[in-house]
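Contents: one structure, followed by commentary.
The values are calculated or read from the model by the stated rules, or taken from the named source; none is laboratory data. The shown structure was predicted, so the numbers you read here are calculated from the model rather than taken from an experiment. With ideal geometry, Cβ positions are generated from the backbone for all residues, glycine too; neighbour counts draw on all protein chains shown.
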Amino acid sequence: MKKFFPVYVRVPLLFAIFFFAIEWIVRGDSDKPAFIEHPVVLILLGLFLFALIAVEMVASATSKIMDRLMTPEERAQKEKEASLPFAETPWVKRLMQKLTSTKTIAQEGDIMMDHDYDGIKELDNELPPWWVGLFYVTVIFAVIYLLRFHVFDGDSQVAEFEKEMIAAKEQVEEYKKTAPDMLTADQAVFSDDPAVLSAGKALFDTNCAVCHKPDGGGAIGPNLTDDHWILGGGMKNVFNTISEGGRPGKGMVPWKTNFKPSEIEKIASYVISLNGTVPAEAKAAEGDIIWSKSELSADKATEETPATEEAPATTDAEVAPEAAN
């Protein structure tokens, strides 16, 4: 094999195989290479490379010593074998003979059959061992498959696919519940946290103040501080208006291409926080939908209020006096 894979090919190839094997075993789910995440891997790689070079040096020295000890006839035989094509090398021939169970021409007399058709004779060759082995594997597989899916009612490929799709959909829906950049208008929640409102204000001042003024009093766009809303108040409606844009032809563009859903949620929270403020030179109210942020507090209070306990049933003894009256 040395003539097909010289030392300058063998050493890098074996080292690369070892390197990728170590990466696959040690790295796991880490984003960093194993030799950076675990410096001890560098020592292991260095030792392996040292061992490779040492083995090659010992093998080369041993080969030279053996060459000097050979007789001229043995040296000639070795050179003859070295000049043979790959398929003609002795070890390849031995391997193919084991895989195919072929007979030499001298051995054909032992497997010659009595059939003779116009001088054409037939050999009783054995089936190739690789073919027989493969046949046995298919038989074993067929028995296991039969028991697994037709006796013990295992899931078919279609059933497995449907289960995996259901599980995948559940994982996607679960991810959507907490993924900040996959929020929808129905999932958006108002926040009065100063950090959220500050982030929303920064985005509003940069992108929305030109039409609504920095204080929300309204310029080209409507006043955002009163209780009149053109497309509806509340977190869902404000989020949807920012994301999808306002009325066609009125200049309010869909901002979903510029902002992530989590950013739109912050802007919507800031816009709602402007409700009820009194800006200077506020624009006249527009819109027929009446809504104020006080409704958020009312809704929250309703959710937090425990259910009223049912009044205890009145007994016959308690109603008896009234019946007597």
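A few comments on the model shown:
- Options Lys250, Lys256: the member that is under 15 Å from Lys266 (Cα atoms) and without any contact (Cβ under 8 Å) to a residue 24 or more places away in the chain: Lys256
- When region 86-144 is filtered for residues that are among the hydroxyl-bearing types (Ser, Thr, Tyr) and modelled with pLDDT under 85, the ones remaining, listed by number, are Thr89, Thr100, Ser101, Thr102, Thr104, Tyr117.
- Enumeration of residues in region 219-234 that are buried (at least 16 other Cβ atoms within 10 Å of the Cβ) and either touching a helix residue (DSSP H, G or I) at 6+ places or on another chain (Cβ under 6 Å) or among the aromatic types (Phe, Trp, Tyr) (or both): Gly221, Leu224, Trp229, Leu231
- Residue within region 185-200 that is of a type outside the set (Gly, Ala, Ser), exposed (fewer than 10 other Cβ atoms within 10 Å of the Cβ) and within 29 Å of the chain's Cα centre (by Cα) present: yes
- For Ser63, the conditions (1) under 48 Å from the mean Cα position of the chain (by Cα); (2) modelled with pLDDT of 80 or more; (3) of a type outside the set (A, V, I, L, M); (4) closer than 17 Å to Phe5 by Cα all hold with the exception of (1).
- Residue in region 161-175 that is at pLDDT below 90, over 30 Å from Ile272 (Cβ atoms) and of a type outside the set (Phe, Trp, Tyr) present: no
- Residue within region 192-201 that is in the same structural domain as Pro279 (by TED's automatic domain parsing) and in contact with a Gly (Cβ under 9 Å, 6 or more places away or on another chain) present: no
- Cβ pairs under 6 Å, 6+ apart, first in region 125-146 and farther than 27 Å from Ala106 by Cβ, second in a helix (DSSP H, G or I) and not β-branched (Val, Ile, Thr): none
- Those residues of region 91-118 which are of a type in the set (Phe, Trp, Tyr) and more than 60 Å from the chain's Cα centre (by Cα), in sequence order: Tyr117
- Per-region count, region 23-70, residues of a type in the set (D, E, K, R) and within 17 Å of Val9 (Cα to Cα): 1
- Single condition Met182 does not satisfy, out of (1) out of contact with any Lys or Arg (no Cβ under 7 Å at 6 or more places or on another chain); (2) modelled with pLDDT under 90; (3) of a type in the set (A, V, I, L, M): (1)
- Test: residue in region 37-47 that is of a type in the set (Asp, Glu) and under 39 Å from the mean Cα position of the chain (by Cα): yes
- Candidates are the residues of region 26-67 that are among the β-branched types (Val, Ile, Thr) and touching a helix residue (DSSP H, G or I) at 6+ places or on another chain (Cβ under 6 Å); the one that is surrounded by the most Cβ atoms within 10 Å (Cβ to Cβ) is Val41.
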